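Report on the structure given below.
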Amino acid sequence: MSEQPVSGLMPFAGLRRRLRDNGFLKSLRTPLGIIGVIFVAFWILMAIFGPLVEPYDPLAQEFDRLQAPNATNWFGTDQVGRDVFSRVIASARVTIPISVFIVVVSVCVGSFIGALAGYLGKVFDEIIMRLTDIMFAFPSIILAMIISATLGPGLKNAVIALLVVSWPSYARIVRSMVLTLKSSEFVIAGRLIGRGVLSSLIVDVLPNVLTSMLVLLFTDFGGAVLMLSNLSFLGLGVLPPDPDWGTMVQNGMGNFSAWWVALFPGLAILTLVISVNFIGDALQDSLDLQNVTSHA
Amino acid sequence: MVMNNKAMNTGSNAGPALADGSSSVEAGAYGLDIENLDMTLNGKHLLNKVCLHVEPGKVTGLAGESGSGKSLTSLSVLKLFPDDAKVTGRIMYKGRNLLDLSEHSINGIRGREIALVFQDPTASLHPMISIQGQMTDHMRHHLGLSKKDAIAKAEHLLAMVHIPDPVGALKKYPHQFSGGQLQRIAIAMAMACDPTILIADEPTTALDVTVQAEILHLLRELCDKFGLTLILVTHDLGVMSALADNIAVMKAGEIVEYGTRHDIITDPKNPYTKSLIDALPMNMMKRGA
Amino acid sequence: MVDTTSQNATATSQNTRKGEGLILNNVTVQYRTAGVTSTALHGINMSVHPGEVVGLVGESGCGKSTTAKAICGLVPVTDGEVRYEGVAVDPLGFRKRPKTLQRIQMVFQNPYASLNPRRKIKAQLEDARAINEGTAPSVDELLDLVELPRESANLYPRQFSGGQRQRIAIARAMATGPSLLIGDEPIASLDASLQSKVAMLMKKVTRESGAAMLFISHDLSVVRLIVDRLYVMHEGRIVEEGETEEVWNHPKNRYTQRLLASIPIPDGSGTLPTVLE
């Protein structure tokens with residue numbers, strides 16, 4: 001009889017199978033879920049294979065200024081003569097991986113801190129929770145603006161600012177889930193067979209919050225895209241001349257008559273954010289349904 | 001048709017002859033006839049041709065384990081089942097088939113002629129409304145009493161179920177009572193419209209054994225005093241043996257055995273009933289476990 | 001198969017330091033919620049000797065669950081002490097439970113909450129086997145012991161009924177080679193026909209392994225089936241203690257008398273239980 005080693009990666013090992021067992025992927029088979037998957041897949045492909053799709057160099061100022069969409073420049077050109085279509089595609093390469101990074105890192109950090117706060121309770125919990133209270137006292141976009149303005153404009157600082165403002169909400173959510181779970185009889189039973197706090201968290205508690213966190217990851221990814229574009233729009237994120245949806249919309253603001261400059265990057269943000277939310281909602285619904293049926 | 005003493009005294013019975021009779025208690029006790037009750041929900045066959053004769057003025061017990069359909073059967077009497085359930089069969093009460101009645105007419109019977117007591121009194125009483133509010137609203141709606149009359153009647157009912165200081169109790173809220181007291185209040189509310197039939201669904205399961213004994217005494221007292229027909233749903237054969245006159249044992253949506261209390265408990269015929277009786281601690285003890 | 005299991009388990013019990021077993025010495029437990037202190041246990045004294053099957057009986061809110069928690073270090077003891085084989089039970093903190101105390105295992109009330117829903121039965125039993133100091137019975141042997149098919153090992157908890165889950169919880173507790181098994185209302189959520197069976201199973205497995213058991217329940221008629229000695233608890237105090245049949249037939253305390261009189265006897269005679277004031 002082989003002993004099953006308890007490794008730190010355990011909760012993730014069975015994730016795929018678990019999603020399949022739960023019919024999680026099936027839950028995407030709603031009209032909105034399918035639309036979401038199609039658009040998200042489209043944008044992921046663009047982010048990966050963008051250079052193959054872009055007809056022109058997104059940075060080259062090689063066309064006439066402010067050309068309306070035509071056969072050469074499908075989305076027209078901007079005020080310095082760059083191809084808007086190429087820039088919209090190129091921008092996906094920055095925005096999508098950076099947003100994924102922000103969400104994943106803040107979910108991991110926030111979950112870990114929240115889980116510890118919930119599990120340990122007492123002083124540690126108090127400190128963490130008051131800290132999150134302070135963070136919640138400010139609207140997160142204002143706080144992100146203040147932080148990135150203090151650190152100086154630039155993508156790296158914008159990412160730091162967004163990480164700082166986004167972990168507290170995950171910490172809160174995971175903390176409350178852990179609070180209910182830790183008094184669960186199976187978690188106590190685990191402690192009784194000799195688990196320490198960390199192993200109890202990893203083996204017994206985390207796998208049971210993982211599916212909810214995955215849903216949260218999807219719903220909040222859209223938020224991260226918006227926040228990043230916001231900072232760029234304000235000149236605090238991606239710096240010109242690098243292409244970014246937020247900066248492009250900002251450029252378009254100056255040229256209302258050239259509607260194509262702002263419209264297409266705006267549509268890019270819209271389709272990505274909405275479709276990710278569709279997926280998140282579909283997953284959320286199936287999760288709620290599971291909870292209902294498993295408690296019935 | 002078996003008639004109890006009260007029914008004989010007044011010369012009335014539960015037959016169709018009295019279909020248009022008044023619902024007042026003194027006219028006699030009424031029973032129920034469940035005929036071939038069948039229920040399917042989402043492709044699951046929940047009740048299978050359930051036939052049960054509920055004798056007027058007696059305690060009919062529905063025994064069985066969780067998921068056997070005993071609660072479902074009793075709640076069907078008031079048409080309290082999911083909308084998309086497919087139900088066939090008849091439930092005859094005073095010559096009418098309750099399953100044929102409109103939502104409006106069944107509302108006139110629900111809580112008025114046929115009342116319910118549930119397992120968990122904390123869940124069946126509203127936590128934010130005083131006892132008086134909950135008891136009098138119900139009576140003013142169903143009986144058309146004035147506020148003053150309703151309060152007087154509520155006091156009377158609480159005294160009937162042996163709540164100490166009924167006047168003071170009316171001013172209180174559910175959290176100020178113990179589980180046993182709340183179950184008494186729930187029973188008082190069920191009795192408010194002088195029902196002919198009381199359905200008690202696991203009325204003592206959530207209670208401590210000392211409190212359970214008191215509630216059993218109260219139910220017995222109400223049955224004797226008002227000639228109430230009681231449908232007692234419980235998995236506890238001890239409770240069954242204390243209160244029921246006749247027992248129907250259910251398993252997987254079917255009645256597997258029906259008989260008098262004494263026959264079912266001391267001489268079960270059906271193998272499933274036998275297994276239930278054998279699993280009683282008392283009997284395991286006897287077998288020298 | 002059951003035979004080998006019991007041999008294995010007996011071998012385990014021989015490693016047990018023959019000691020004083022479980023001792024609760026004047027244990028008081030108080031809870032503070034919103035500045036209000038309530039006392040759950042008023043200085044109770046109890047003992048469970050090695051190999052003994054002891055019952056703890058009382059109604060809801062009497063403190064019997066708090067007692068189980070205090071024994072496992074799940075609530076801090078305000079006054080007095082809990083000792084097991086000479087080791088003081090401290091509240092479970094950041095660290096692992098001490099080895100000696102890992103030999104106290106618990107079977108909980110709610111079969112739907114006591115197994116990790118995300119892990120297979122096999123993994124959960126393997127975890128418990130890992131801390132067994134003697135020769136741990138194999139997963140197959142454990143499933144045989146609690147009368148479940150061996151194929152159960154590869155299933156998830158949700159694929160089992162309440163009674164089956166409780167059997168798995170018993171198997172998990174026994175996998176650790178416990179010297180004391182605590183049952184905290186382990187049969188209260190089960191169907192009536194299963195209650196006696198599961199209680200008897202718990203007695204069987206502890207007896208075969210030589211472990212002691214503290215069986216906590218509100219149902220005196222089931223407790224009577226399996227225990228040698230019992231404690232009756234009321235409002236945070238032990239009101240009576242004695243040999244089971246002695247307490248059952250000749251209760252001395254007024255509350256015990258009331259409790260016993262209230263039990264409905266399923267004899268088919270239609271007799272209502274007696275209500276004593």
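The values are calculated or read from the model by the stated rules, or taken from the named source; none is laboratory data. Please read these numbers as outputs of a predicted model, since none were measured by experiment. All Cβ positions, even for glycine, are placed from backbone atoms using ideal geometry, and neighbour counts span all protein chains on display. Surface areas here come from the heavy atoms of the whole protein model, side chains and all, with no ligands, DNA or RNA. Shrake-Rupley method; radii C 1.70, N 1.55, O 1.52, S 1.80 Å.
C:K96 sits with roughly 140 Å² accessible to a 1.4 Å probe, with DNA, RNA and ligands left out of the calculation.
Nearest 100 Å² is fine: how much accessible area is buried between B and C, summed over both sides, with a 1.4 Å probe? Before the final figure, lay out the partial values.
On the way: alone 13610 and 13310 Å², together 24290 Å².
Rounded to the nearest hundred, the buried surface is 2600 Å².
Note on exposure: B:K148, B:K86 ranked by accessible area (1.4 Å probe, complete protein assembly) read B:K148, B:K86, with the most exposed listed first. How high is the FRET efficiency from A:S183 to A:L52, r the C-beta distance, R0 56 Å, rounded to 0.05? Working from the Cβ atoms, E equals 0.55.
Among the chymotrypsin sites (Phe, Trp or Tyr not before Pro) found in region C:86-144, those both in a DSSP coil and sparsely packed, with 14 or fewer other Cβ atoms within 10 Å of their Cβ, are C:F94. Springs between Cα atoms under 10 Å define the GNM used for chain C, and in it the highest mean-square fluctuation of C:S221, C:S189, C:S38 occurs at C:S38. Averaged per residue, the protein assembly as shown has 43 square angstrom of accessible surface, using a 1.4 angstrom probe with ligands and nucleic acids left out. Peptide B:271-280 has a mean shielding of 3, counted as Cβ atoms of other protein chains within 10 Å of each residue's Cβ.
Note on surface exposure: C:I265, A:I96, A:I113 rank C:I265, A:I113, A:I96 by accessible area, highest first, 1.4 Å probe.
Sum -39500 (n - 2.57) across every DSSP H segment of at least 4 residues in chain A, then divide by the residue count to get the 222 nm mean residue ellipticity, nearest 500. Mean residue ellipticity, 222 nm, calculated: -24000 deg cm²/dmol.
Charges were assigned to the Cβ only: +1 to each Lys and Arg, -1 to each Asp and Glu. The resulting dipole of chain C about its Cα centre is roughly 940 debye. Within the full protein context, the accessible area of A:M227 is estimated at about 40 Å² for a probe radius of 1.4 Å. Partners of B:K70 within straight-line reach, counting lysines whose Cα lies under 22 Å from its Cα and excluding those fewer than 8 residues away in the same chain: B:K44, B:K49, B:K58, B:K79, B:K86, B:K251, B:K269, B:K274.
Residue order by solvent-accessible surface for C:E241, C:E52, B:E221 is C:E241, B:E221, C:E52, largest first, with ligands and nucleic acids left out and a 1.4 Å probe. When you restrict to C-alpha pairs under 8 Å that are six or more residues apart and normalise by the size of region A:41-294, the relative contact order lands at 21 percent. A straight Cα-to-Cα reach below 24 Å connects A:K122 with the lysines A:K182, C:K69, C:K96, residues fewer than 8 places away in its own chain not being considered. For A:K26, the aspartates and glutamates whose Cα comes closer than 17 Å to its Cα, not counting residues fewer than 8 places off in the same chain, are A:D281, A:D285, A:D288.
The overall shape of region C:33-169, judged from the alpha-carbon gyration tensor, is prolate: a/c is not under 1.5, and a/b is greater than b/c. Quick check on chain C: helices-only [θ] at 222 nm, where DSSP H runs of length 4 and up contribute -39,500 (n - 2.57) each and the sum goes over total residues. Nearest 500, please. It comes out at -10000 deg cm²/dmol, rounded to the nearest 500.
Positive-end ranking of B:G31, B:S71, B:M285 along the dipole of the protein assembly as shown, with charges on Cβ about the Cα centre, is headed by B:M285.
Which percent of the accessible heavy-atom area of region B:114-245 goes to carbon and sulfur, probe 1.4 angstrom?
About 55 percent, which is the carbon plus sulfur part of the accessible surface.
Might you report the magnitude of the Cβ-based charge dipole of region A:153-289 about its Cα centre, with Lys and Arg at +1 and Asp and Glu at -1, to the nearest 20 debye?
480 debye
Could you tell me the center-to-center distance, by alpha carbons, between region A:48-114 and region A:213-270 in angstrom? Between the Cα centres of region A:48-114 and region A:213-270 lies a distance of 9 Å.
Summed over both chains, the area buried between C and A is near 2600 Å², taken from the accessible surface of protein heavy atoms with a 1.4 Å probe.
Calculated mean residue ellipticity at 222 nm for chain B: -11000 deg cm²/dmol, from DSSP H runs with n ≥ 4 weighted as -39500 (n - 2.57), summed, divided by the residue count and rounded to 500. Accessible surface of region A:41-294, 1.4 Å probe: 71 percent of it comes from carbon and sulfur atoms.
Based on the alpha-carbon gyration tensor of region A:41-294 and its eigenvalue square roots a ≥ b ≥ c, which shape applies: rounded if a/c is under 1.5, prolate if not and a/b is larger than b/c, or oblate? Here region A:41-294 falls in the prolate category. Who wins for biggest fluctuation among C:V75, C:V107, C:V223 in a Gaussian network model of chain C, springs between alpha carbons below 10 Å? Looking only at C:V75, C:V107, C:V223, the biggest GNM fluctuation is shown by C:V75. Membrane-span-like helices of chain B, defined as complete DSSP H segments with a Cα extent of 24 Å or more along the helix axis and a mean Kyte hydropathy of at least -0.5, are identified as B:209-226.
Please average, across the residues of B:128-136, the number of beta carbons from any other chain that are within 10 Å of each residue's own beta carbon, and give a whole number.
Partner-chain Cβ atoms within 10 Å, mean over residues of B:128-136: 0.
What does the charge add up to near A:T72, with Lys and Arg as +1, Asp and Glu as -1, over the other residues with Cβ less than 15 Å from its Cβ? Counting the neighbours of A:T72, the net charge comes to -3. Counting Lys and Arg as +1 and Asp and Glu as -1 over every other residue whose Cβ lies under 14 Å from the Cβ of A:L226, the net charge comes to -2.
Panel values: the protein assembly as shown, Kirkwood radius from alpha carbon pairs, Stokes-Einstein at 20 °C and 1.002 mPa s, translational diffusion coefficient 67 µm²/s.
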